[in-house]
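Notes follow once the structure below has been shown.
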Amino acid sequence: MLWHQWKPRDTLAFDLHYGERAEGVQLMIRISITESAGSAETVLIEGKVVGDAVDELNSYCDQALAEGRRLSLDVAGVSFIDRKGVALFHRLAAHQVSVANCSAFVAEQLKVRDPG
């Protein structure tokens, strides 16, 4: 079971969890707005960018880009990106979305040019 935990926009966009609503539920992804100045926004991504979490991140970024915001994604807290997620990051890069603070593992994942 997937469920969202929505929080105020200026502190946190949402958490996406996998499992029942109970103690010890594993976090799939957390998307936090850490800095916003004018039309520029720095977004902290934490967790695993896999499955439904890719769709949530895609929706968030598409909406921000449609509203004219410039995005920088801080992926310091990302532990894994699946093939669909890698394809999303490549598509976002084509829209001038920057990615910062990659671990060596995530940087290596993002080097894959044909994730499909």
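FYI, it's all coordinate maths here, none of it is from the lab. These numbers were taken from a predicted model, which means no experiment stands behind them. A quick note on method: Cβ atoms are made from the backbone with ideal geometry, for glycine too, and the neighbour counts reach across all protein chains shown.
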Original post:
Between the DSSP loop rule and a limit of at most 11 other Cβ atoms within 10 Å, which GluC sites (Glu not before Pro) in region 26-83 are left?
Top reply: Glu67
Original post:
Equivalent-ellipsoid semi-axes (√(5λ), Cα gyration tensor) for region 33-110, whole Å, largest first?
Top reply: 19, 14, 11
Original post:
Relative to the present Cα-Cα distance, how much length would full extension add between Asp52 and Ser98 at 0.36 nm per residue of separation?
Top reply: 14.4 nm
